[in-house]
Amino acid sequence: MITTEQKTEIINTLGKNHLSKILSFLSENNMEKEEGVPYSRSYIYKILSGEREHSHIESLIFKLAYDTYYQNLEEKKYREDFLKLTRKNVA
């Protein structure tokens, strides 16, 4: 079950439209209800807020948040490296 603290960190990591990102990630990983019907936004919201429990969906949500976190760190490093290079060339 996802705790309030975990929910906050997941939302902060995924940013705006976090539910859309989660739904898209679930679809990419073939996580659907029977007969290929995707889970609803409200059902995913209930899992994210801890009202419902679904271990497989929760694991995929954490995987998405983890991957996004490290992707953001990598992008931040590239930006910092770029600024260092451009500042050296200006001086």
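Structure values in brief
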{"quantity": "The stretch 47-58, residues that are part of a helix (DSSP H, G or I) and either open to solvent by 70 Å² or more (accessible area, probe 1.4 Å) or farther than 16 Å from HIS18 by Cα (or both)", "calculated": "SER55, HIS56"}
{"quantity": "The listed residue being out of contact with any helix residue (DSSP H, G or I) (no Cβ under 8 Å at 6 or more places or on another chain), basic (Lys, Arg), part of a loop (DSSP other than H, G, I, E, B) and open to solvent by 100 Å² or more (accessible area, probe 1.4 Å), out of LYS88, LYS77, LYS16", "calculated": "LYS16"}
{"quantity": "ASP67 vs. criteria surrounded by 11 or more Cβ atoms within 10 Å (Cβ to Cβ), without any contact (Cβ under 8 Å) to a residue 12 or more places away in the chain, not in a loop (DSSP other than H, G, I, E, B) and not aromatic (Phe, Trp, Tyr)", "calculated": "yes"}
{"quantity": "Selection from the stretch 2-13 of residues that are surrounded by 12 or more Cβ atoms within 10 Å (Cβ to Cβ) and either closer than 11 Å to SER49 by Cα or among the hydrophobic types (A, V, I, L, M, F, W, C) (or both)", "calculated": "ILE2, GLN6, LYS7, ILE10, ILE11"}
{"quantity": "Any hit, the stretch 2-11, residues being modelled with pLDDT of 95 or more, of a type in the set (A, V, I, L, M, F, W, C) and not in a helix (DSSP H, G or I)", "calculated": "yes"}
{"quantity": "Matching residues in the stretch 60-84 - criterion: being of a type in the set (A, V, I, L, M, F, W, C) and closer than 20 Å to MET31 by Cβ", "calculated": "LEU60, ILE61, PHE62, LEU64, ALA65"}
{"quantity": "Count of residues meeting criterion [open to solvent by less than 70 Å² (accessible area, probe 1.4 Å) and of a type in the set (S, T, N, Q)] in the stretch 30-41", "calculated": "1"}
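The values are calculated or read from the model by the stated rules, or taken from the named source; none is laboratory data. What you see is a predicted model, and the numbers here were worked out from it, not measured in a lab. FYI the Cβ positions are ideal-geometry reconstructions off the backbone, even for glycines, and counts take in every protein chain you see. Ligands, DNA and RNA are excluded from the accessible area calculation, which covers all protein heavy atoms including side chains. Shrake-Rupley method; radii C 1.70, N 1.55, O 1.52, S 1.80 Å.
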